[in-house]
Amino acid sequence: MNGKHWTAVDTYITDQLIPADAALDAALSANQKAGLPAHDVSPPQGKFLQLLALAIGARRILEIGTLGGYSTIWLARALPDGGRLVTLEAEPRHAEVARGNIARAGLTHLIDLRVGPALDHLPAIEAEALGPFDLVFIDADKPNNPAYLEWALRLTRPGSLIIGDNVVRDGAVVDPDYPDARVQGIRRFFDDIAANPRLSATALQTVGAKGWDGFAMALVL
Ligand code: SAH
Ligand code: DHB
Ligand code: MG
């Protein structure tokens, strides 16, 4: 069990099942060139999100935390004509790189990228009736995960999926006293999901090129 082997297996899975894609590759290169943190989902994870969106026939997707738009491109490619993906990014510099990546992927017409703290935008998204969203991907500042969960519940319908990234954090999640606000945010996210009778949820640990982490998935009942 080691990180190198996890990465080798991710490469194997990617080579076997995930055809090379010029726009996705270009997005990762542009992110790196711009000095963005390498916090994008991995290719197998991106494809997993895309397959979930396709499997539920998602037409409206909300993403919180765009970075350079790598996960955005994976998810938007699951949308039918007339679908819409709203994605929220606090950092103007990240958003600018994302815009370029999204344009290169030919997806600008499907994606509504809003720049600024997500909590400042979510009320307008509700007021503009952009929902209900079929899938919500929460992948921004983890201390705000409990607030994002509340918004996700307001902006979804029975049958919608709410996915949270980075819910394992090298196993730190099991330590109630872990001195990191991100881990505490994830722990409250679990608490709030568990306490909500409108949600049926699970989480899957993942290992791979991005280390040891995991996704939480909640179905809105
Ligand atoms: N979903 C992306 C990765 C997102 S990384 C992918 O897989 O490709 C997390 C992003 O959330 C960063 O770009 C960070 O700037 C952004 N972020 C941090 N705090 C935020 C906030 N309050 N509102 C919106 N975005 C935020
Ligand atoms: C971090 C954030 C992410 O969304 C991610 O996938 C990996 C790392 C971080 O803030 O460290
Ligand atoms: Mg993440």
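For region 84-103, filtered to residues that are of a type in the set (A, V, I, L, M, F, W, C) and part of a strand (DSSP E or B), the residue that is surrounded by the fewest Cβ atoms within 10 Å (Cβ to Cβ) is Val86. The residue pairs whose first member lies in region 195-221 and is within 21 Å of Ala172 (Cα to Cα), whose second member is among the charged types (D, E, K, R), and whose beta carbons are closer than 7 Å, counting only pairs six or more residues apart or on different chains, are Thr206/Asp213; Gly208/Asp10; Ala209/Asp10; Gly211/Asp170; Trp212/Asp170; Asp213/Arg169; Phe215/Asp165.
Being under 19 Å from Ala26 (Cα atoms), away from ligand 1 (no atom under 13 Å from the Cβ), part of a loop (DSSP other than H, G, I, E, B) and out of contact with any Leu (no Cβ under 7 Å at 6 or more places or on another chain) is a description that applies to Gly106.
Is there a residue in region 47-67 that is within 8 Å of ligand 1 (Cβ to nearest atom), buried (at least 22 other Cβ atoms within 10 Å of the Cβ), not in a loop (DSSP other than H, G, I, E, B) and not aliphatic (A, V, I, L, M)? Checking region 47-67: at least one residue is within 8 Å of ligand 1 (Cβ to nearest atom), buried (at least 22 other Cβ atoms within 10 Å of the Cβ), not in a loop (DSSP other than H, G, I, E, B) and not aliphatic (A, V, I, L, M).
For region 22-45, a residue qualifies if it is in a loop (DSSP other than H, G, I, E, B) and closer than 21 Å to Ile163 by Cβ, and the qualifying residues are Pro37, Ala38, His39, Asp40, Val41, Ser42. All of Gln50, Gln32, Gln45 fail the test of being over 16 Å from Asp134 (Cα atoms) and within 16 Å of ligand 3 (Cβ to nearest atom), apart from Gln45.
Since every read-out is calculated from the coordinates, none of them should be taken as a lab result. Predicted model only: the values in this text are computed from it and were never measured. Cβ coordinates were reconstructed from backbone atoms using ideal geometry, including for glycine residues, and neighbour counts include every protein chain displayed.
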